[in-house]
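The values are calculated or read from the model by the stated rules, or taken from the named source; none is laboratory data. Treat the numbers as computed from the prediction; the structure is a model and nothing was measured. Here the Cβ positions follow ideal geometry from the backbone for every residue, glycine too, while neighbour counts run over all protein chains shown. Just so you know, the surface numbers come from the protein's heavy atoms only, side chains and all, with ligands and any DNA or RNA stripped out. Shrake-Rupley method; radii C 1.70, N 1.55, O 1.52, S 1.80 Å.
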Amino acid sequence: MSMNAVVISLFLGGLALCIVTGASLLWALAFGLLCFTGHAFRLGFRPREIVGLCGRGVRTIGNILKIFVLIGMLTAVWRSAGTIPYIIHHCLPWVDPAHFHLWVFLLCSLLSLLLGTSFGTASTLGVVFMLLARTAGLDPLLTAGAVMSGIYVGDRSSPMSSSAALVCALTGTSIYDNVRLMWRTSLLPFFLVCLAYVLLPSARAESLPHVDGLFADGLVLDARALLPAVFMLVPLLLRWDVKKIMACSILAGCVVSLAVQQMSPAALLRCLVFGYEPAGMEMLAGGGLLSMAQVAGIVLLTSAYAGLLEATGLLDGLSSLCKRLSLRLGAFRTTVLAGLPVAAVSCNQTLGIMLTKQLCAPLWQNGKEMVLPLENGIVLLAAIIPWSIAGSVPCAIMGVGPECLPYAFYLYMVPLTDMLLRRR
């Protein structure tokens, strides 16, 4: 066995051990960084060169780390200001019991597009829909599948999405140009997914329980609670920088939390750092800077891999295999299909995106061409892996198992339609 294979096997063994034991993936990634730096040192790279290679990768994602900080505060303050409860409270009356799962998909899509986070949408609106489904006697697995479909519409296509921001950083592209590409390639699968939820016979109910008082006891739910959303949407339409948009919305949310929801400054500061923790409304808990700590750590460690993997040629064998496969299937299909085992091994979107980009970059002339296969492939496919964070965490939040994933039609409808309609 070649030394490259030994080093990769050690890294994969560390990942497998963390999966089996339930330990944080950060330990496996730190072990992988140790393996890769040791291999580089063995090949003759000096310590200063190794540090330079790691730093080169980290510098490419510096902007992403700032966005992670803003996303953490944004998801907390939209809770404390009453923005998310207001949206849920006023959108639920639209839900037609005869087409319940269609509305689950559409409303989860809407909220995820606003927030840009799959986990934040699943832990709020997703939990509410699961409560409604179980109370009305509707299929919880189908409901969870519709939630999973909706939360990844925004995770893939929202300018606020951390995965979309990561793809932009890795490919050197504009978030607004990429979002336009995302919607152009997802209109047909989006329509097909809506049609599927309409036609499924188990997706109907005669009536739904009333949830009028779900948030009314703890929050003021008038139009002022929408100010953080307004201060996001207006700059978004003007195509401001995403970080400035998030900062405006966070500032508006802080004002509403203090003036309307009567939070103390100390409580608001705790909320921004540790997340919102309302008494008696556990489904609204979450967000905060610390909620982004693990994903930031994953990005930081894996970005340090980029220069090392390239300089040491650790992935050259796998890249050659992808090149040969692309001659038969085309670069797009090869990249999407390569993302599936990468997602299965990496167990999360972030590492999957970065490794797939590194593995398949030789198939493309420039980073811009890689946006669609990454977004239509690994970003969605990571969520259909039962043991991946992208799939297992939302399922755990909703209290269901991976049996719901076959009903998450959007996750595989987008990559399937794109691969089938594409010539190469």
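Couple of notes before you dig in:
- ALA343 falls short on exactly one of the conditions (1) touching a residue at least 60 places away in the same chain (Cβ under 8 Å); (2) closer than 30 Å to MET283 by Cα; (3) open to solvent by less than 10 Å² (accessible area, probe 1.4 Å), and that condition is (1).
- Here no helices (runs of 4 or more DSSP H) wholly within the stretch 27-143 include at least 2 residues being of a type in the set (S, T, N, Q), more than 30 Å from LEU351 (Cβ to Cβ) and touching a strand residue (DSSP E or B) at 6+ places or on another chain (Cβ under 6 Å).
- Only residues that are β-branched (Val, Ile, Thr) and loosely packed, with under 13 Cβ neighbours inside 10 Å were counted across the stretch 8-30, and they come to 2.
- Note on the stretch 303-330: among residues that are among the aliphatic types (A, V, I, L, M), open to solvent by less than 30 Å² (accessible area, probe 1.4 Å) and in a helix (DSSP H, G or I), the one that is farthest from LEU374 (Cα to Cα) is LEU308.
- Filter result for ARG333 (farther than 30 Å from VAL128 by Cα and open to solvent by 60 Å² or more (accessible area, probe 1.4 Å)): no
- Scope the stretch 31-47; condition open to solvent by 50 Å² or more (accessible area, probe 1.4 Å) and without any contact (Cβ under 8 Å) to a residue 40 or more places away in the chain; matching residues: PHE31, LEU34, PHE41, ARG42, GLY44, ARG46, PRO47
- Residues in the stretch 178-189 that are in contact (Cβ under 8 Å) with a residue 12 or more places away in the chain and open to solvent by 40 Å² or more (accessible area, probe 1.4 Å) were compared, and the one that is nearest to the chain's Cα centre (by Cα) is TRP183.
- Scanning the stretch 346-370 for residues that are without any contact (Cβ under 8 Å) to a residue 60 or more places away in the chain, part of a helix (DSSP H, G or I) and surrounded by fewer than 24 Cβ atoms within 10 Å (Cβ to Cβ) yields a count of 7.
- Criterion applied to LEU268, LEU300, LEU272 was being crowded, with 16+ Cβ neighbours inside 10 Å and within 30 Å of PRO362 (Cα to Cα), and the one residue passing it is LEU300.
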